[in-house]
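Below is one structure, written out as structure tokens, with a few remarks after it.
The values are calculated or read from the model by the stated rules, or taken from the named source; none is laboratory data. Just so it is clear, the model here is predicted, and its values are computed rather than measured. With ideal geometry, Cβ positions are generated from the backbone for all residues, glycine too; neighbour counts draw on all protein chains shown.
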């Protein structure tokens, strides 16, 4: 989660909401990204989605690959509870495990508003560990929004 | 929907589940994509997500853009009811309207299992038109899976 927090701070440095995500396989980091929605002008450029895409690339799938898009060996560590898009991506990517920091009471889809990672109707479920270094993860977000307000 | 069906068939041509999506602004097509999950080895490469990313790029946001990731002028036309990831992307991207063909009773998040586009707790809602050329859209999928079974 320390690396994910570093990634979150990197997002804030270019004016993006500070959320960071790290993909880990067998204890090794295979991808680390942060939210780049504003920087890229891309509403899908959340930290989790970018990290999952990189992790799939790192898995060496690509053209003719044999199902390398299945990320069951991946643990995704993210500073904020994923939104519906990102939680849906965890399911679509058959991700092995999710660890997140702060809950997102307004948009969280891994326990707050929805629980997409634990819906037996979908074709994949994954264990979720919530609240890891939650106070630090929330503080990075709170500091960012406070600085925005002070700037206005 | 005719263009989206053409895109769906293009996905089948390289062994991907045939789903196609077209993004339209003021009657003009700004993006047209199809599912490339297998081809790219990327679990996030659903037709809708790719089309929304292209649409955001077409909106000319990018570095220093003024919120060009907000796709409120976009109508997304897709052959199959979006999954939770893609429905979440419609909400995250503030997409103006969704038109889809066949329902997805196993994973659909725009009326079947979830209704993410009409949840007042989230920060965006959008109108959904379902069932447009649904039989044709479903037939493209059925033909694909039948041909897979015959090949086995």
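Below, the figures for the structure above:
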| item | result |
| --- | --- |
| Residue in the stretch A:68-79 that is assigned to a helix (DSSP H, G or I), without any contact (Cβ under 8 Å) to a residue 60 or more places away in the chain and within 18 Å of residue B:41 (Cα to Cα) present | no |
| Hits in the stretch A:96-105 (condition: under 21 Å from residue A:43 (Cα atoms) and surrounded by fewer than 19 Cβ atoms within 10 Å (Cβ to Cβ)) | A:103, A:105 |
| Test: residue in the stretch A:32-53 that is away from chain B (no Cβ under 13 Å) and buried (at least 20 other Cβ atoms within 10 Å of the Cβ) | yes |
| Residues within the stretch A:1-23 that are outside any loop (DSSP other than H, G, I, E, B) and either surrounded by 21 or more Cβ atoms within 10 Å (Cβ to Cβ) or touching a helix residue (DSSP H, G or I) at 6+ places or on another chain (Cβ under 7 Å) (or both), tallied | 11 |
| Failed criterion for residue A:63 (all others in (1) surrounded by fewer than 17 Cβ atoms within 10 Å (Cβ to Cβ); (2) modelled with pLDDT under 95; (3) in a helix (DSSP H, G or I) hold) | (3) |
| Selected residue [closer than 26 Å to residue B:109 by Cα, touching a helix residue (DSSP H, G or I) at 6+ places or on another chain (Cβ under 9 Å) and more than 14 Å from every other protein chain (Cβ to nearest Cβ)] from A:107, A:102 | A:102 |
| Residue among A:117, A:137 that alone is outside any loop (DSSP other than H, G, I, E, B), within 14 Å of the chain's Cα centre (by Cα) and in contact (Cβ under 8 Å) with a residue 40 or more places away in the chain | A:137 |
| Evaluation of residue A:43 against (1) in contact with a helix residue (DSSP H, G or I) (Cβ under 7 Å, 6 or more places away or on another chain); (2) assigned to a helix (DSSP H, G or I); (3) free of Cβ contacts under 8 Å to residues at least 24 places away in the same chain (one fails), failing number | (2) |
| Single match in B:87, B:107 (criterion: closer than 24 Å to residue A:120 by Cβ, under 15 Å from the mean Cα position of the chain (by Cα), at pLDDT 95 or above and not in a helix (DSSP H, G or I)) | B:107 |
| Flag for residue A:28 being more than 9 Å from chain B (Cβ to nearest Cβ) and surrounded by fewer than 21 Cβ atoms within 10 Å (Cβ to Cβ) | yes |
| Complete set of residues in the stretch B:123-134 that are over 30 Å from residue A:107 (Cβ atoms) and in contact (Cβ under 8 Å) with a residue 60 or more places away in the chain | B:133 |
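Okay, residues lined up against (1) over 15 Å from residue A:2 (Cα atoms); (2) touching a helix residue (DSSP H, G or I) at 6+ places or on another chain (Cβ under 8 Å); (3) more than 14 Å from every other protein chain (Cβ to nearest Cβ); (4) surrounded by 23 or more Cβ atoms within 10 Å (Cβ to Cβ):
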| position | (1), (2), (3), (4) |
| --- | --- |
| A:68 | yes, yes, no, no |
| A:75 | no, no, yes, no |
| A:80 | no, yes, no, yes |
| A:85 | yes, yes, no, yes |
| A:94 | yes, no, no, no |
| A:115 | yes, no, no, no |
| A:122 | yes, yes, no, no |
| A:131 | no, no, yes, no |
| A:138 | no, no, yes, no |
